[in-house]
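The values are calculated or read from the model by the stated rules, or taken from the named source; none is laboratory data. Bear in mind the structure is a predicted one, so any value in this text is a computation, not a measurement. Neighbour counts are summed over all protein chains in view; Cβ atoms, including those assigned to glycine, are modelled from backbone coordinates with ideal geometry. Keep in mind that these areas ignore ligands, DNA and RNA; they rest on the heavy atoms of the full protein, side chains included. Shrake-Rupley method; radii C 1.70, N 1.55, O 1.52, S 1.80 Å.
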Amino acid sequence: MSLDDARPRFATIANYEFSAVMRGRVVPIASVDDVLRVGLPWVPNNVCISALNTIPPDNPFGPMGETKIIALPHTRMVMPARQDRPAMAVYLCDITNHDRSFWEGCARSQLARTLALLEERHGLTLRVGFEHEFYIFDLNAEVFSAYSLAGARKASVIADEVQQTLATADARLDQFVPEFGYDQFETASAARDAMTACDHAVLAREAIRDAARARGARATFAPKPDLSAAGSGVHIHFSLWDRHGGARTAQSGALTATAGAFAAGILKHIEAVMAYSTPTPNSFQRATESSWVGVFACFGLRNREAALRLAPREAAADGSHPGASLEFRLCDGSANPYLAVATLVRAGMIGLDQSLDPPISVDRDPARIPQPERDARAIRRVPETLDPCLEAAAPFAPEWFGKTFWDAYSSVRRNDIKDAAAAGERYPALLSQII
Ligand code: GLU
Ligand code: MG
């Protein structure tokens, strides 16, 4: 490849769709300005394609209709030139109706709308930081022990390059850590406004995949690529802020009344949230007890077996905790992060609207609490399959995201269940080749 290949001659205008796949159109750089101005036609049905490349027969779009993809200049990231391929620019985009009005099938637009509602109705904004766990297979033959320097060195070639790629989009990782599983790693991003955090999360996934691929390796964010090894979560850290920039998550080491009601809303409707945050059969292969996933609908101060954990960090002089976050652990890489965050906000707003009491902290692994005591304390095990989650989400969906959205989204999830059944034992491995 010549030096000139460092300058991208093509750009992909991409949307992160329901199956956690980035799909879009590729255009020459010379036409990007036009594309930014007028958009590009797109096919409504495309948001329904599964990771394994099947189309739900009952999706509401079929061959009909046309939407528009509108590229977002501030999300531009340049993927570096490789030995076997030139550089390429990526722009994230919104999908709109043809007249540029809001289109229900666009996950990113759904999040924007939900965040606007949180601000309008409750005067609150959300900051989000993501932790991503993932495997990198076949990078080299080095074996390392969990969290070791040897593991950090093994992946440092990826970490280093990913940081440079992300810098082209003004994004960065705050940590790149060897995780517990053999060849498993974790990245953490600093807290940003919720939309930027989601944009950077999906760009980071692609930068990591690309860096691995360039070295003949394969990165996967699938929740459970190998049933006998540690699963990979996407932990969503979030904090609430008022209109004056005041931290509203924790006070004097505990949840504020606002964050308490918000957390209680999430726990009350966790099954509905899971229809978006753990949306595939592989999600439920990860979601097992006593494996730090958080499969009990409860809150715990610093408890990694609770679905919601408070990490208070240091207190300021006035007792507030500007660095505090609530961590939602029941999310994974098969989820669309825009929808997962939007759904947490929707459920949280129910808690605010109903002024729900703050949850009481559970201070040990709920799996070790005898069932009668769990029942008495209303600590419930979340569903072990996707179906009950879809049932729980259905009544809320028209109000949260619209009827067409739900017809499309639920058709995708039902189709995933069919894909998984058809693939049988090969399903986790197949999925992990794509996401
Ligand atoms: N791998 C675990 C999960 O699936 C989390 C481990 C951790 O707390 O870092 O969520
Ligand atoms: Mg971890």
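Restricting Asp210, Asp174 to residues that are in contact (Cβ under 8 Å) with a residue 12 or more places away in the chain, over 16 Å from Pro337 (Cα atoms), within 16 Å of ligand 2 (Cβ to nearest atom) and acidic (Asp, Glu) narrows the list to Asp174. Tell me whether the range 110-130 contains one or more residues that are open to solvent by less than 30 Å² (accessible area, probe 1.4 Å), in contact (Cβ under 8 Å) with a residue 60 or more places away in the chain and within 16 Å of ligand 1 (Cβ to nearest atom). Yes: one or more hits. In the set Ser320, Ser334, only one residue is small (Gly, Ala, Ser), away from ligand 1 (no atom under 11 Å from the Cβ) and touching a Pro at 6+ places or on another chain (Cβ under 7 Å); that residue is Ser334. Let me spell it out: the conditions are (1) more than 14 Å from ligand 2 (Cβ to nearest atom); (2) closer than 16 Å to Pro337 by Cα, and Phe221 meets all of them except one. Which number is the exception? Status for Phe221: all satisfied but (1).
Of a type in the set (Lys, Arg) and either over 29 Å from Trp400 (Cα atoms) or modelled with pLDDT under 95 (or both): is that true of Arg108 in this structure? So Arg108 does not fit the description; no. Selection over the range 147-171 of residues that are closer than 16 Å to Arg218 by Cα, away from ligand 2 (no atom under 16 Å from the Cβ) and hydrophobic (A, V, I, L, M, F, W, C) gives a count of 3.
Answer yes or no: is there a residue in the range 95-104 that is more than 29 Å from Pro322 (Cα to Cα), assigned to a strand (DSSP E or B), touching a Cys at 6+ places or on another chain (Cβ under 8 Å) and open to solvent by less than 40 Å² (accessible area, probe 1.4 Å). Yes, because at least one residue in the range 95-104 is more than 29 Å from Pro322 (Cα to Cα), assigned to a strand (DSSP E or B), touching a Cys at 6+ places or on another chain (Cβ under 8 Å) and open to solvent by less than 40 Å² (accessible area, probe 1.4 Å). Filtering the range 291-328 to residues that are open to solvent by 50 Å² or more (accessible area, probe 1.4 Å) and either part of a loop (DSSP other than H, G, I, E, B) or more than 21 Å from Asp375 (Cα to Cα) (or both) leaves Ser291, Trp292, Arg302, Arg304, Arg313, Glu314, Ala315, Ala317, Asp318, Pro322. Could we say that Glu391 is under 15 Å from Val273 (Cα atoms), in a loop (DSSP other than H, G, I, E, B) and open to solvent by 30 Å² or more (accessible area, probe 1.4 Å) here? No. Among the criteria (1) more than 19 Å from Thr343 (Cβ to Cβ); (2) within 23 Å of the chain's Cα centre (by Cα), the one Tyr276 does not fulfil is (1).
Criterion first (among the acidic types (Asp, Glu), modelled with pLDDT of 95 or more and over 15 Å from Tyr338 (Cβ atoms)) does Glu142 satisfy it? No; evaluated as a whole, the condition is false for this residue.
Thr385 - would you say it is open to solvent by 30 Å² or more (accessible area, probe 1.4 Å), hydroxyl-bearing (Ser, Thr, Tyr), in contact with a helix residue (DSSP H, G or I) (Cβ under 8 Å, 6 or more places away or on another chain) and modelled with pLDDT of 95 or more? Here the answer is yes, as Thr385 does meet what is asked.
Yes/no matrix, rows are residues, columns are (1) open to solvent by less than 50 Å² (accessible area, probe 1.4 Å); (2) among the hydroxyl-bearing types (Ser, Thr, Tyr):
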{"residue": "Asp170", "(1), (2)": "no, no"}
{"residue": "Phe180", "(1), (2)": "no, no"}
{"residue": "Asp183", "(1), (2)": "yes, no"}
{"residue": "Glu186", "(1), (2)": "yes, no"}
{"residue": "Ser189", "(1), (2)": "yes, yes"}
{"residue": "Gly216", "(1), (2)": "no, no"}
{"residue": "Asp242", "(1), (2)": "yes, no"}
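Taking the numbered list (1) under 29 Å from Arg205 (Cα atoms); (2) free of Cβ contacts under 8 Å to residues at least 40 places away in the same chain; (3) in contact with a helix residue (DSSP H, G or I) (Cβ under 9 Å, 6 or more places away or on another chain) in turn, Arg426 passes all entries but (3).
All conditions but one from (1) open to solvent by 20 Å² or more (accessible area, probe 1.4 Å); (2) within 16 Å of ligand 1 (Cβ to nearest atom); (3) assigned to a helix (DSSP H, G or I) apply to Tyr147; the one that does not is (3). Could you list, in sequence order, all residues of the range 163-176 that are β-branched (Val, Ile, Thr) and either part of a loop (DSSP other than H, G, I, E, B) or modelled with pLDDT under 95 (or both)? Correct list: Thr168 only.
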